[in-house]
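These notes concern the structure reproduced below.
Rule-based calculations on the coordinates, nothing more; no lab input. If you're wondering where the values come from, they're calculated on a predicted model, not measured in any experiment. All Cβ positions, glycine included, derive from the backbone under ideal geometry; neighbour counts span all protein chains shown.
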Amino acid sequence: MASLGELERAVMDLLWAGQEAATANTLRDLLAQSTLRQDGTPGHQGKDLAVTTVLTVLSRLERKGLVERERGTRPHRYQAVSSRADHTAELMHEVLGSAPDREAVLARFIGSVTDTEAETLRKLLGNS
Amino acid sequence: MFWTSYLLAVLAIALAWPVPVLLSRAHWPARSPFTAMLLWQTIALAGGLSMIGAMLVYGLEPIGDNLLAGLTALAGMVLHDAPTTELGFWHIFALSAAALLTAHLVFTLLLTYYKIQRQRRRHRELLDLLASPSADGARTVVISVDSPVAYCLPGGARSVTVLSDGLMAALEPAELRAVLIHENTHLTQRHHLLLWAFAAWRQALPWLPTTRLAQEAVNSMIEMLADDVALKTESKATLIKAIAIVASGSPGAPEGRLAFGEPGLPEIDAGQPGATGGTGSARTTASRVSRLLSPQPPLPEALRAAVLAACLLLLALPTALLIVPGLLG
């Protein structure tokens, strides 16, 4: 049985790849298929995976603000809040941002550099 | 007692303005970053102590001939409803200010901790979904971003170093090793604790010159310390080249610095006073490269010992002024 973390990742991959909102049942079937595709045999993940597990994973993702569900329909249909690219951009925004209170969150190899600095470094690179 | 509060006030002002300004202009910190780091920590700690101490001592002056006696008398007044007629308006004002400043510093420290932890948790959650494990080491992940980016996200056992696809493509294996050692040093030397303390110090008193200068200096000292560790295993040329490639690939202009083609980055915490952050880290990169290009010998043993002695003295002075009974009064 895959860990919740791995399942969260698999579910997000499916939601990011899919065009429209999906129900927990659809996601369960897709997860079962993707296991099958990877190793050729019906993976135990697919067989053991209960819809309730998928729902647990979805509610965890919802709590993290990564998926939202359409409230009107039953069964609920889930979709990603933002695209993979948007989330990557959010991360990079945090990495490259330069607010003083954010500098303590992580340590960059290189901070932001000015244009003249970048030019000097480029020259350096040409000579070395 | 009366002169003690003046001496502490003079010390507090010296540590808040002229001393950090001079230290931030000095060239020797690049030669011995560890010693300089200790001095910056001492300046912050002694500065805070003498600020609070000056007000406490002034306020307690009528009721005790040292801090302990004064505090005991004050506690007696508060707890047993004894008459406070000995304390004038300015004494009570100074005591309240000391209490408020102490509470403000402690509260900001905790609040900053909470904010940093929250942002790191969110960042880690997204990394769990977006990044894939790297072959280059445990606790190293790769994220699919075209510009060369490397950073580490501290968090105890869940600390992680993040590299971008662009970085992996741009660097030779030796250069990549240098980057990894550099980032790993931040984690093993627990630089995030320093970053936290100085971010909180600046957040608490943003208008004080010392807090901004200290944060910028500490940011650049930890980079130098991490560079020095990388130089133990990788050559200087390798490290310089890695710095140059990463820096030239990530221009600091806010527009179009990411090769995403994704319009408009989501704004997080827009409107933070971030104007000085960029120039500060640009200076850091410049001083890092210049110290690698034209290396200076570390400070002589005697000078380093003198700086350490100065650190001890700076911490001992406000403490002694507060505790030794009737030392100056």
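Observations on the model:
- Order of A:Phe109, B:Phe34 under a 10 Å beta carbon neighbour criterion, fewest first: B:Phe34, A:Phe109
- 25 Å Cα-Cα reach of A:Lys64 towards lysines, excluding residues that sit fewer than 8 places from it in its own chain: B:Lys115
- Neighbour-count order for B:Cys152, B:Cys311, fewest beta carbons within 10 angstrom listed first: B:Cys311, B:Cys152
- Per-residue Cβ neighbour rank within 10 angstrom, fewest leading, B:Lys115, A:Lys123: A:Lys123, B:Lys115
- Prolate/oblate/rounded call for region B:1-139, Cα gyration tensor, a/c under 1.5 rounded: oblate
- Taking every DSSP helix (H) stretch of at least 4 residues in chain B, weighting each as -39,500 (n - 2.57) and dividing the sum by the residue count yields a mean residue ellipticity at 222 nm of -23000 deg cm²/dmol.
- Shape analysis of chain B yields a ratio of the Cα radius of gyration to the Kirkwood radius, Rg/Rh, of 1.06.
- For region A:46-81, the list of trypsin sites (Lys or Arg not before Pro) that fall in a loop by DSSP and count at most 14 other C-beta atoms within 10 angstrom reads A:Arg71.
- Pair A:Glu20, B:Gln189: separation of 7 Å Cα→Cβ label points (nm): 5.7
- Kyte-Doolittle at least 1.0, axis length at least 18 Å by Cα - qualifying DSSP helices, chain B: B:2-16, B:33-60, B:67-80, B:236-249, B:301-323
- Counting only Cα atoms, the protein assembly as shown measures 87, 64, 36 Å along its principal axes, largest extent leading.
- Distance between region B:1-22 and region B:166-193 - C-alpha centres, whole angstrom: 40
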